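Student: First the structure, then my questions, so here it is.
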Amino acid sequence: RQGTVVAVDGTSGSGKSSTCRAVAARLGLAYLDTGAMFRAMTWWMLEQGVDVHDAAAVAERCEEPRIVSGTDPEAPTIHVDGTDVAAAIRTDAVTGSVSPVSTVPAVRARLLTMQREVIAEAVRGTGIVVEGRDIGSVVAPDAPVKLYLTADPAARAARRAAEEGGSDLAATQAVLLDRDRIDSSRATAPLTMAEGAVHIDTTPFTLDEVVAQVVGLVRAVG
Ligand code: C5P
């Protein structure tokens, strides 16, 4: 019997990461944060001095970094060439550059291969919760459970600003909306609600309430 795949997509700051980690922990599943992989790629490009707005330059270098994701939902990890970049990938510099890097088809192709390898290994065990922007549509279109999480922009900005320790609300909201715009309008694997996905607007719910809904959905599928 194969482990399950829970594919979770949605806008930036919709509560995907917290929800996915808690659901995976509750159900004994692995967890893959594909956004962290795009961030790790972006961090490496910035380190190397590659112009992140030069798609050809990004494409030419994107096979070089070795990116390794640890899939324990209680303690997910991300390494680039052996360096722990968990904190480094959350800086404003990376957040501000990740969407342009993610539009480059060669970047997406490379990370897609890596994502499919992680998923294939996890389904030999109990299964995995995978979060991103194109999981239900491209990475794991056959996933038995697909979710699409969104929230009001103001609520998302408030959560993100709280996480970041009191950063400016309006600026945080502007950055989130700008990422959504680029992520939704790119040609390759744009953010979209996948065929068969369940849409949850998390705005009125607490994290625990969303987790309970998702756990219920996964259990219902078996
Ligand atoms: O999920 P997170 O906000 O960390 O993702 C960072 C960025 O990575 C997104 O804004 C998007 O540009 C990119 N991304 C993507 N496809 C995914 C996951 C993330 O393009 N599956």
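Every number here is computed from the coordinates shown, using simple stated rules; none is lab data. Being a predicted model, the structure only gives us computed values, none of them experimental. Cβ sites come from the backbone with ideal geometry, for glycine too, and all protein chains shown count toward neighbours.
Student: Taking loop as defined by DSSP and a crowding limit of 14 other beta carbons within 10 Å, which trypsin sites (Lys or Arg not before Pro) in region 55-119 fit?
Tutor: Working: sites: ARG61, ARG66, ARG90, ARG108, ARG110, ARG116; in loops: ARG66.
When the trypsin sites (Lys or Arg not before Pro) of region 55-119 are filtered for loop state and at most 14 Cβ neighbours within 10 Å, ARG66 remain.
Student: Related question: Going by how many other Cβ atoms sit within 10 Å of their own, how do THR206, THR150 line up, fewest first?
Tutor: Listing THR206, THR150 from fewest to most nearby Cβ atoms yields THR206, THR150.
Student: Let me ask something additional. Run the quick spin-label model on SER185 and ASP72: label points 7 Å from Cα toward the beta carbon, then report their separation in nm to one decimal.
Tutor: It is 4.2 nm.
Student: Across region 128-134, in residue order, what do the Karplus-derived ³J(HN,Hα) couplings come to in whole Hz, using 6.51 cos²θ - 1.76 cosθ + 1.60 with θ = phi - 60° and x for Gly and Pro?
Tutor: 7, 9, 10, 10, x, 10, 10
Student: Which of HIS79, HIS199 comes first, and how do the rest follow, when ranked by fewest Cβ neighbours within 10 Å?
Tutor: Numbers: HIS79 16, HIS199 11.
Result, fewest neighbours first: HIS199, HIS79.
Student: Right, here's the next one. Mind sorting TYR148, TYR31 by how few other Cβ atoms lie within 10 Å of their own Cβ, fewest first? Intermediate results must be reported in sequence, preceding the final value.
Tutor: Values: TYR148 22, TYR31 26.
Arranged by neighbour count, lowest to highest, TYR148, TYR31 become TYR148, TYR31.
Student: Okay, moving on. For the chain, modelled as a Gaussian network with Cα springs under 10 Å, which listed residue fluctuates most, GLY125, GLY70, GLY165?
Tutor: GLY165
Student: According to a simple spin-label model (label point 7 Å from Cα along Cα-to-Cβ), what is the distance in nm between GLU164 and ASP152?
Tutor: Each label point lies 7 Å from its Cα, and together they span 2.1 nm.
Student: Based on the Cβ-Cβ distance from THR206 to GLU60, what FRET efficiency comes out when R0 is 41 Å, to the nearest 0.05? If you can, show how the numbers build up before the last one.
Tutor: Details: r = 46 Å, r/R0 = 1.11.
Efficiency at R0 = 41 Å is approximately 0.35.
Student: Using θ = phi - 60° and the Karplus relation 6.51 cos²θ - 1.76 cosθ + 1.60, list the HN-Hα couplings for region 155-165 in order, rounded to whole Hz, with x at every Gly or Pro.
Tutor: 5, 5, 5, 5, 5, 5, 5, 5, 4, 7, x
Student: Amide H neighbours of ALA30 under 5 Å, at least 5 residues apart or on other chains, H built in the peptide plane: list them.
Tutor: So ALA30 has HN proximity to GLY127, ILE128, VAL129.
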